[in-house]
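Novice: So that we are looking at the same thing, I have put the structure below in structure tokens.
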Amino acid sequence: MLALTRKKGESIIIGDNIEIVVLSTSGEQVRIGILAPKNITVHRKEVFEQIQNENKEATQSLKSKVQEVMKR
């Protein structure tokens, strides 16, 4: 993990086309802005994990249905 210190208004560049900007800080909270191409999805980690879990459950459900059809 790379740990950096940034001040309000300063940025971090990831690759050639993703920029993370520190918008503000308040206590222990940091507000950031993310500039990325539209084809790159950006999610909070907890949302990303929820999407992954839902996709996994949907895939397992689909596999069960396919196996059920195959038994017929």
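The values are calculated or read from the model by the stated rules, or taken from the named source; none is laboratory data. Source: prediction; values computed, not measured. Because the Cβ atoms are built from the backbone with ideal geometry, glycine has one as well, and the counts that use them run over all protein chains shown. SASA here: full protein model, heavy atoms, side chains in, ligands and nucleic acids out. Shrake-Rupley method; radii C 1.70, N 1.55, O 1.52, S 1.80 Å.
Novice: Counting only residues that are surrounded by 12 or more Cβ atoms within 10 Å (Cβ to Cβ) and under 8 Å from the mean Cα position of the chain (by Cα), how many does region 20-51 have?
Specialist: 1
Novice: Which number in (1) open to solvent by 90 Å² or more (accessible area, probe 1.4 Å); (2) under 21 Å from the mean Cα position of the chain (by Cα); (3) at pLDDT 95 or above marks the one condition that Glu54 misses?
Specialist: Every listed condition holds for Glu54 apart from (3).
Novice: Hey, another quick one. Take the residues in region 2-19 that are at negative phi and loosely packed, with under 10 Cβ neighbours inside 10 Å; name whichever of them is farthest from the chain's Cα centre (by Cα).
Specialist: To start, the set of residues in region 2-19 that are at negative phi comprises 2-8, 10-14, 16-19.
Okay, now just the ones that are also loosely packed, with under 10 Cβ neighbours inside 10 Å, so 2-5, 7, 16.
On the way: Leu2: 18, Ala3: 19, Leu4: 20, Thr5: 22, Lys7: 23, Asp16: 18 Å.
Going through the qualifying residues, I end up with Lys7.
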